[in-house]
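> After the structure tokens below, expect a handful of questions from me.
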């Protein structure tokens with residue numbers, strides 16, 4: 001385990017991903033000496049990979065420019081380090097994924113947390129971006145109950161014109177995102193707007209409601225085809241006590257056509273807040 005990295009003392013490891021490790025660190029040099037942060041450090045195997053370095057730099061430029069209580073903030077980046085890293089808000093709490101691994105969290109709590117995430121994403125969309133990787137793993141709940149959306153490595157400008165869409169397709173050789181949460185337009189590499197994140201939010205709401213994914217496949221192709229063409233399952237098959245209003249809302253969020261989904265995360269956030277109150281008395 002690392003002990004120090006370019007002026008930061010490593011206190012503990014927080015999380016892992018395929019390409020990076022997240023550490024709880026303390027600054028030991030400079031004006032903010034003693035301040036504590038999270039450091040996202042590229043793994044040795046990808047430390048010189050141009051794509052991963054670009055993702056890290058992209059995350060820094062976006063997160064350092066955005067100020068919202070439900071979005072993680074970036075403070076600095078060190079690309080010249082042996083293992084490049086970005087310094088981020090320290091969020092002392094588990095991700096929604098960690099809650100799910102222990103069993104379904106209380107439904108009202110989960111819907112309230114996702115409402116906060118949607119509020120942050122509404123701000124992100126207002127600034128012209130689409131996250132492209134909305135999922136429970138990237139939704140972190142602080143000790144005070146405040147939620148922050150993390151991991152902006154794949155975030156990009158929305159395709160507000162056909163020209164921008166073509167330019168993005170020329171730059172990207174693959175479809176970034178997590179297949180289990182990916183919208184049909186992401187899969188097809190069509191024009192992307194904030195509505196792609198609305199779909200991913202719908203998959204996340206389905207998962208926290210039922211404790212399972214709406215679609216599973218034995219191959220990646222079969223999984224993607226279900227997102228493209230499969231019927232949207234009802235959460236009431238698994239949990240008949242769930243209000244019909246929530247079931248219908250999830251189906252709307254996961255509509256195949258982005259124009260058929262609720263328009264905008266502001267509405268999604270408000271609706272999830274109302275549904276959290278409606279589900280307050282539902283017990284697991």
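> Would segment 205-212 turn up any residue that is in a loop (DSSP other than H, G, I, E, B) and in contact (Cβ under 8 Å) with a residue 12 or more places away in the chain? Before the answer, list the steps.
Step one: filter segment 205-212 for residues in a loop (DSSP other than H, G, I, E, B), giving 211-212.
Next, only the ones that are in contact (Cβ under 8 Å) with a residue 12 or more places away in the chain stay: 211-212.
Looking for residues that are in a loop (DSSP other than H, G, I, E, B) and in contact (Cβ under 8 Å) with a residue 12 or more places away in the chain, one finds at least one in segment 205-212, hence yes.
> Hey, another quick one. Residue 176 is checked against (1) in a loop (DSSP other than H, G, I, E, B); (2) modelled with pLDDT of 85 or more and fails just one. What number does that condition carry?
(2)
> Step by step: first the residues of segment 27-52, then only those that are out of contact with any helix residue (DSSP H, G or I) (no Cβ under 9 Å at 6 or more places or on another chain) and crowded, with 18+ Cβ neighbours inside 10 Å, then the one that is nearest to residue 82 (Cα to Cα). Which residue is that?
41
> Another question, then. Scan 43, 12, 48 and give me the residue that is out of contact with any strand residue (DSSP E or B) (no Cβ under 8 Å at 6 or more places or on another chain) and over 25 Å from residue 128 (Cα atoms).
On the way: 43 fails: out of contact with any strand residue (DSSP E or B) (no Cβ under 8 Å at 6 or more places or on another chain); 12 fails: out of contact with any strand residue (DSSP E or B) (no Cβ under 8 Å at 6 or more places or on another chain).
Checking each option against the conditions leaves just 48.
> Which residue out of 77, 62 is modelled with pLDDT of 95 or more, out of contact with any helix residue (DSSP H, G or I) (no Cβ under 8 Å at 6 or more places or on another chain) and under 23 Å from residue 157 (Cβ atoms)? Show your work before the answer.
Numbers: 77 fails: out of contact with any helix residue (DSSP H, G or I) (no Cβ under 8 Å at 6 or more places or on another chain).
Result of the check over 77, 62: 62.
> Under the condition of being over 16 Å from residue 151 (Cβ atoms) and out of contact with any helix residue (DSSP H, G or I) (no Cβ under 9 Å at 6 or more places or on another chain), which residue from segment 82-102 is surrounded by the most Cβ atoms within 10 Å (Cβ to Cβ)?
92
> So, residue 118, is that one outside the structural domain of residue 49 (by TED's automatic domain parsing) and either under 15 Å from the mean Cα position of the chain (by Cα) or part of a loop (DSSP other than H, G, I, E, B) (or both) or not?
Values: outside the structural domain of residue 49 (by TED's automatic domain parsing): yes; either under 15 Å from the mean Cα position of the chain (by Cα) or part of a loop (DSSP other than H, G, I, E, B) (or both): yes.
Yes, satisfied.
> Failed condition for residue 2, given (1) closer than 25 Å to residue 132 by Cα; (2) at pLDDT below 95; (3) surrounded by 13 or more Cβ atoms within 10 Å (Cβ to Cβ), with all others met?
The number of the failed condition is (1).
The values are calculated or read from the model by the stated rules, or taken from the named source; none is laboratory data. The shown structure was predicted, so the numbers you read here are calculated from the model rather than taken from an experiment. Virtual Cβ from ideal backbone geometry, glycine too; neighbours counted across all protein chains shown.
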